[in-house]
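Working notes for the structure below.
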Amino acid sequence: MGLDRAFQLSTILLAAIAFLGLALTAGLPVGFQVLGFSGLLLSLMQALRPTSPAHAHQSPLSTQFWNAVIVLAFGWFWIDFMWFAQDLLAAGVHFLIALMVNKLFNLQLRRDYLQLYAISLMMILASAGMTADLWYGTIIVAYLMVGVWTLLLYHLFMEARPGSAGPGALRQEVGGSVRFIDARFFWTTNAFALAAFGLTLLIFFSIPRIGAGFFQKGRSEGLRTAGFSEKVDLGAIGAIKLDDSIVMRVEFPDGNTKPSEPFYLRGMAYDWYNGRAWVNTSRRRRLPTDAATKLFHLPAGRKPGASPQPRTRLMAHDILLEPLDTTVLFGASMPRSIEGEFSSLQVDAMGGMYLPVPVHGRTQYRVWSSPIRLQEQDRHAAQPAYPEDIRRHYLQLPALSAEVAALGEEQTRHARTPHEKVRALYALLQSQYRYSLDVGRSGTAPPLEEFLFARKTGYCEHYATALVVLLRTVGVPARLVTGFMPTEWNEYGKYFTVRQRDAHAWVEVYFPSSGWVTIDPTPSVTGPASRGMWADWSSFLDSVRLQWDRLIVQYSATDQLAVVQTLRDGTDSVRTRVSEAWHAWTEPWLVRLSTLIAVLRRSNTYGLLALLGLLLIGWGLVRLIGVVRRRLTAAAAALPGREEAAAQQLYGQMLKILAKRGFEKPPSATPQEFLHAVSGTWREAAPALQALTQLYYGIRFGGQAYTAEEFQLADEWLARLRTLPRHADSAEVA
């Protein structure tokens, strides 16, 4: 392919990749997508037409027309910003597309190409501010590869005629098209691109980002969830149980294994029930934190005075949370501490964790949790003494029908302890009620009473509400908790994929010696059906997407310090192992060498062998220097533009050898005259002198190109010239 055409196509391809990045963000209006793709397609058709390069990108419209278009586009930018897009980034992107189309049809001067490169770079940066998805990595790699090709081709053209800058100058420079793109150029350019990409990664991981950027704030809407506000109507969670949208991903850095027990991600707890909705009446307070570590310690899930829980190992789990329309943070029961890039964190008295405002980007944090186990004394305590604040908040009941209280009393009449009451009511819900998401209202009765006595069909909220209310009717403090119970384990990435359909509600029952213990009265249901033949492929892509978010999107200064510490520890370990291996390998040889030296000293041959060794080392160094010098001379001669310098160097060495033999070259003598004079006096050196002089003439004055092998042969003639004896009496050549 001709160099001119390759340059034009690479320029269009660079702009196309940058525009594709914007189009894939799903935030570009259809009209601007059509405008951009149409401009790229027409520009490509022009570049491929069999016309002269001088007219390849010459627009049929006048310069005044395009200037007027740019003025109108700039005016539209302000109108778009003020009334339509109402967003600086979106309006700027629309204006960039208009500039790109203008430049694609007016690539005549060098500055036009440079301006198009700048526009494409701004488009790539704009798409980075509009998305954090995995596909952007492919766009940026492709842009970098094609960018290296384009800039190298541009440099070749500018080197051809650096002084030309008038209209059509670039067209004249590429018009000759005597050079072509071959496989060598292709692979060399790709090597440069890969090196640039590696350097980019090094810079990225050495200098991490400190924020998501100004333009990205407020651009993404949070995923709509239910059950995580101050008030939750009974039945709200059921509306999202059929939604497969991903809410978060949960990793376990300490083991990367799936938990053996059901895994509950706690969100909010509710203490007040009004007969139709649950309300969280707990006041929030801000937690103190260490600004350096971003670590928040949460209050324990027990009341003061309760017996200490048996010491258990805290479970660490990393959560990558998608943008949600709630400020709630999630963690396994019961959270003890949380670490993340949060400016502040709030908690309530029931263990809920909250951000000050919803975050419109992915949030990554780590939680340490310790499950609360039911202690043995609580299994047998008949009439525990509950604190007054527990009785006031968690025994509250709305105005209910007498049937609800009678049901609770009837099912627990044989129970002697609160624990037995919990078991009796749990067995009732498990045996006499059926799980279903299809629970249409059948009357005007309160939703709980309709579930208990009429329909007897419901989902997690109905079961959890029923258990809490029935426990309260028999004097056992309890509260409702909402969150997620994930079931989808990704075998490739070793993490839970949590979806909207995993939203769940369960119960926490208070025991004086144990604290709040989790009870889930909802019957077990069959997990989600297989997603077909693409399930494994989807899981693999999701694991790749998670690594992209962790290593690229969410990469921070904390991650950088962790990488540095890991490298430091690894380096110390490798250095220690290498040192031990080297010592183990050299110790026997050192022992043998010490024995040999002792023997030589006793036999008075130590000095002679040492001198012989030094002579051998010196001879080897001389030989090595000669070989290196010859190879460097040959390599320098093989480089473009270095043949003349190498020939002058070889001829100068020849003159030095002749000067030592008594043949001084007069300044007035030409190389050919000097050759005849020396050859007539020193005939043995004539072949070497003639070969070296011809090489010098051919390169210095004939413009000929010689290979590295020919220069190596010339170096051998010089070596032969140094060893030839001289049989002449003349000390100067006249």
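The values are calculated or read from the model by the stated rules, or taken from the named source; none is laboratory data. Keep in mind that this is a model prediction, so the values were computed, not measured. Note that we place each Cβ from the backbone using ideal geometry, even for glycine, and neighbour counts take in every protein chain shown. Ligands, DNA and RNA are excluded from the accessible area calculation, which covers all protein heavy atoms including side chains. Shrake-Rupley method; radii C 1.70, N 1.55, O 1.52, S 1.80 Å.
I want to confirm something. Restricting to region 336-379 and keeping residues that are part of a loop (DSSP other than H, G, I, E, B) and aliphatic (A, V, I, L, M), which single residue is nearest to the chain's Cα centre (by Cα)? Among those that are part of a loop (DSSP other than H, G, I, E, B) and aliphatic (A, V, I, L, M), it is VAL359.
Is it fair to say VAL148 is open to solvent by less than 30 Å² (accessible area, probe 1.4 Å) and modelled with pLDDT under 85?
Values: open to solvent by less than 30 Å² (accessible area, probe 1.4 Å): yes; modelled with pLDDT under 85: yes.
So VAL148 fits the description; yes.
Within region 477-499, residues that are closer than 16 Å to PRO521 by Cα sit with their Cβ atoms under 6 Å from residues that are surrounded by fewer than 24 Cβ atoms within 10 Å (Cβ to Cβ) and small (Gly, Ala, Ser), at 6+ positions apart or across chains, in these pairs: ARG479/ALA269; VAL481/ALA269; THR482/GLY267; GLY483/GLY267. Contact annotation: residue pairs with Cβ atoms under 8 Å, 6 or more positions apart or on different chains, pairing a residue in region 5-21 that is touching a residue at least 12 places away in the same chain (Cβ under 8 Å) with a partner that is open to solvent by less than 10 Å² (accessible area, probe 1.4 Å) and not in a helix (DSSP H, G or I), are GLN8/ALA56; GLN8/HIS57; GLN8/LEU107; THR11/LEU107. Would you be able to say whether some residue in region 363-377 is closer than 25 Å to ARG276 by Cβ and out of contact with any strand residue (DSSP E or B) (no Cβ under 8 Å at 6 or more places or on another chain)? No, region 363-377 contains no residue that is closer than 25 Å to ARG276 by Cβ and out of contact with any strand residue (DSSP E or B) (no Cβ under 8 Å at 6 or more places or on another chain). Mind checking which residues of region 343-372 are open to solvent by 10 Å² or more (accessible area, probe 1.4 Å) and of a type in the set (Phe, Trp, Tyr)? The answer is TRP368, and nothing else.
Candidates in region 112-143 are the residues that are at pLDDT below 85 and assigned to a helix (DSSP H, G or I); of these, the one that is farthest from ALA195 (Cα to Cα) is MET130. Looking at GLY698, is it at pLDDT 75 or above, surrounded by 11 or more Cβ atoms within 10 Å (Cβ to Cβ), part of a helix (DSSP H, G or I) and over 60 Å from the mean Cα position of the chain (by Cα)? Criteria not met by GLY698.
Among the criteria (1) open to solvent by 50 Å² or more (accessible area, probe 1.4 Å); (2) under 16 Å from SER10 (Cα atoms); (3) within 21 Å of the chain's Cα centre (by Cα), the one TYR143 does not fulfil is (1).
When you check GLN712 against the structure, is it at pLDDT 85 or above, in a helix (DSSP H, G or I) and open to solvent by 50 Å² or more (accessible area, probe 1.4 Å), yes or no? Considered against the rule, which asks whether it is at pLDDT 85 or above, in a helix (DSSP H, G or I) and open to solvent by 50 Å² or more (accessible area, probe 1.4 Å), GLN712 comes out as no.
Residue by residue, here is whether (1) within 46 Å of the chain's Cα centre (by Cα); (2) open to solvent by 70 Å² or more (accessible area, probe 1.4 Å); (3) at pLDDT 80 or above holds:
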position: ALA634; (1), (2), (3): yes, no, no
position: ALA647; (1), (2), (3): no, no, no
position: GLN653; (1), (2), (3): no, no, yes
position: ILE657; (1), (2), (3): no, no, yes
position: LYS665; (1), (2), (3): no, no, yes
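Before we move on, is LEU397 touching a Ser or Thr at 6+ places or on another chain (Cβ under 7 Å), of a type outside the set (S, T, N, Q), under 29 Å from SER229 (Cβ atoms) and free of Cβ contacts under 8 Å to residues at least 60 places away in the same chain? No; evaluated as a whole, the condition is false for this residue. Looking at the structure I just gave you, is PRO299 at pLDDT below 85 and open to solvent by 70 Å² or more (accessible area, probe 1.4 Å)? The answer is no for PRO299.
Can you pull out every residue in region 477-510 that is more than 18 Å from LEU242 (Cα to Cα) and either open to solvent by 10 Å² or more (accessible area, probe 1.4 Å) or of a type in the set (Gly, Ala, Ser) (or both)? ALA478, TRP489, GLU491, TYR492, GLY493, LYS494 - these are the residues of region 477-510 that are more than 18 Å from LEU242 (Cα to Cα) and either open to solvent by 10 Å² or more (accessible area, probe 1.4 Å) or of a type in the set (Gly, Ala, Ser) (or both). Do we have LEU88 as in contact with a Phe, Trp or Tyr (Cβ under 7 Å, 6 or more places away or on another chain), more than 20 Å from GLY31 (Cα to Cα), of a type in the set (A, V, I, L, M, F, W, C) and at pLDDT below 85 here? Judged against the criteria, LEU88 is not a match. When the residues of region 259-287 are filtered to those that are part of a loop (DSSP other than H, G, I, E, B) and under 17 Å from LEU320 (Cα atoms), the one that is least open to solvent (accessible area, probe 1.4 Å) is PHE263. Once region 445-470 is narrowed to residues that are outside any helix (DSSP H, G or I) and under 19 Å from TYR273 (Cβ atoms), the residue that is nearest to the chain's Cα centre (by Cα) is TYR459. Against the criterion of being modelled with pLDDT of 70 or more, in contact with a helix residue (DSSP H, G or I) (Cβ under 9 Å, 6 or more places away or on another chain) and in a helix (DSSP H, G or I), GLY626 qualifies. The residues of region 113-127 that are in contact (Cβ under 8 Å) with a residue 40 or more places away in the chain and either buried (at least 17 other Cβ atoms within 10 Å of the Cβ) or under 16 Å from ALA6 (Cα atoms) (or both), listed by number, are TYR113, LEU116, TYR117, ILE119, SER120, MET123, ILE124, ALA126, SER127.
In region 321-333 there is no residue matching the filter, namely being among the β-branched types (Val, Ile, Thr), out of contact with any Phe, Trp or Tyr (no Cβ under 9 Å at 6 or more places or on another chain) and surrounded by fewer than 20 Cβ atoms within 10 Å (Cβ to Cβ). Determine, yes or no, whether HIS380 is open to solvent by 30 Å² or more (accessible area, probe 1.4 Å) and free of Cβ contacts under 8 Å to residues at least 60 places away in the same chain. The answer is yes for HIS380. I'd like the full set of residues that are of a type in the set (A, V, I, L, M), out of contact with any helix residue (DSSP H, G or I) (no Cβ under 7 Å at 6 or more places or on another chain), open to solvent by less than 80 Å² (accessible area, probe 1.4 Å) and over 18 Å from VAL469 (Cβ atoms), limited to region 226-258. Matches in region 226-258: ILE246, MET248, VAL250.
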